[in-house]
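Input: a single structure, listed below in structure tokens.
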Amino acid sequence: GLAAPVAGSLVSCGDAPGQTGRILRSAARLPKAYTTPLPLPPVKRPASGLISIEQRSASVEILPGLRTEMMTYDGVFPGPTLETRRGETVTVRHTNSLTLPTATHLHGGHTPAESDGWPTDLLVPPGFEARHAGHGAGHTGGHGGGHGGDHETMDDPKAQVRTGKRDYRYPLDQPATTLWYHDHRMDFTAPQVWRGLAGFHIVRDDEEDALSLPRGEREIPLMIADRAFDEDGALRYPALDPELLGQPGVEDRYMAGVLGDVILVNGAPWPEAEIEAAQYRLRLLNASNARRYTLRLRTDSGTPVRFTQIGSDGGLLAAPVEHDEITMASGERFDVVVDFRSLPPGTTVEMRNGLGTGRTAQVMRFRITRRATDDVRLPERLADVPEPEKPDGAVVRRWHFRKASVHGRRGWGINGKPFDPAVPQAQVPLGSTEIWEFFTDAHHPVHVHLSPFQVLRRGNHGPGPMDLGWKDTVDVRPYEAVRVRVRFEKYAGRFLIHCHNLEHEDMAMMAGFETV
Ligand code: C2O
Ligand code: CU
């Protein structure tokens, strides 16, 4: 059965404007900030084109001295960092040894439909179907699941359910960049990602290798994600009590998304990274369910340190761009270089979150341990990125993100409709370039599968400072229509557009589109 709702631990979030949602408070003893070393996920590269991953439950130490039972890729959180090269087709063979179905999506991958992790293309553990026959995809048991339950999973005539193992094939015909992989199971993405199903996938290529950029130990992926913990270290996630379903107010717990009070970086609470006085490339990923961050750096004497952005979701920018702060919504990546060269050993540099308060305003800290040589000279030109010009006569497609009724309950939809896996909302001819316009009266990070896009306009202005380069996720803000230019080259099939606030996604703010 489902655990009792944890209403007592939910309080309204009074954080800065731009951050809404309920904070789930931890009952566990939390470590002091910057006392845990920053971990790096293990790296996996393909051998003869194959990478194997076992999805399994594992007990992971996140809070010092406590064990957290998680759903993992290969027993670790974050999952292993996959490192691949452009143009080399890689098969990732996932084995499901969990107790629940999964669907694995490579976020930002230019991936054929059958490997894209469509929410009803499930990988179920052996024995699952028999045990749960007639119950659709089943519920998540103790932790409570998504909002919608299992009503539609089996209503998709094209759903492909596989048992035990599944090969996902990635042609990786795309520029070097930071991708990530995570669960995408219909109605259960939020709880299953919260419980651990997320990892980096880094694509490299010769063009990027030829540039003078920090590498090796000076290239650090940083997965930022908030969570909340029970006294014994178990993850907290609000459960839906079937008794309460349908009563007014229950959905309110989910409507804005779920926020934790613990900020994890690479799975460690408020960690500290020991570094040299050198330039570092930081691959920033917001893997939180619903939390947005405005990241800023400052030294212990209060001096701000800037970010030099070199890349976005889909690859390198044309040229480096300086920022005082980086605002990132769920799903977005920012590839930045930070110059620590002038800082004497012993200096600490704190990364703070301007959209948090108290402990959620803290993220991580860097500690300069020693001087070092550094030959990196950031190039003035990084990559060929065309100016995003509006193509004449392009189709303009509007996607309105707003509340919708989902099977009689409060939820979210697109163009008034909750997600229906059997009915795509658009047909897009392959080879076409379209203008897509996203509009909302709230905050929604909008993510498009298959093809990256360039932002043309935000509200009445051009692209904002966080909209540069090739994006696959864009932070859409209230009453500020965002127009993007997106080209669909290949693959034919069904793909998704959705809100990357994962509770919104599970509450049906998702639509299929079909490329033909
Ligand atoms: Cu990162 Cu469709 O998701
Ligand atoms: Cu949303």
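Rule-based calculations on the coordinates, nothing more; no lab input. None of these values were measured; they are calculated from a predicted model. We place every Cβ from the backbone using ideal geometry, glycine too, and count neighbours over all the protein chains shown.
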Length gained when the stretch Arg341-Arg398 is fully extended (0.36 nm per residue, less Cα-Cα span):
15.9 nm
Would you mind ranking Arg291, Arg86, Arg306 by Cβ crowding within 10 Å, fewest neighbours first?
Arg306, Arg86, Arg291
What distance in nm separates the simple spin-label points at Arg169 and Asp209, each placed 7 Å from Cα in the Cβ direction?
2.5 nm
CD proxy, 222 nm, the chain: helix-only mean residue ellipticity via -39,500 (n - 2.57) per DSSP H run with n ≥ 4, per residue, nearest 500, stands at -1000 deg cm²/dmol
With +1 on each Lys and Arg Cβ and -1 on each Asp and Glu Cβ, how big is the dipole of the chain about its Cα centre, in debye rounded to the nearest 20?
540 debye
Treat the count of other C-beta atoms within 10 Å as a stand-in for reagent exposure and order Ile51, Ile263 from fewest to most.
Ile51, Ile263
Between the alpha carbon centres of segment 333-389 and segment 65-105 the gap in Å comes to 28 Å
Relative contact order as a percentage, segment 274-425, C-alpha pairs under 8 Å and 6+ apart, gives 25 percent
Which of Thr104, Pro238, Ile23 sits closest to the plus end of the dipole of the chain, meaning its Cα is farthest towards the positive end, when Lys and Arg get +1 and Asp and Glu get -1 on the C-beta?
Ile23
For segment 395-515, build the convex hull from the C-alpha positions and give me its volume per residue in Å³.
90 Å³
Under the 0.36 nm per residue contour assumption, what length would be gained going from the current alpha-carbon distance of Arg370 and Thr303 to full extension?
22.2 nm
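With a/c under 1.5 counting as rounded, go ahead and sort the chain into rounded, prolate or oblate using the C-alpha gyration tensor (a ≥ b ≥ c being the square roots of the eigenvalues; past the cut-off, prolate if a/b is larger than b/c, else oblate).
Here the chain falls in the rounded category.
Order the peptides 375-382, 318-325 from the highest to the lowest mean number of other Cβ atoms within 10 Å of their residues. Intermediate values should be presented prior to the final figure.
On the way: 375-382: 13.4, 318-325: 14.9.
Averaged packing, sorted descending, gives the order 318-325, 375-382.
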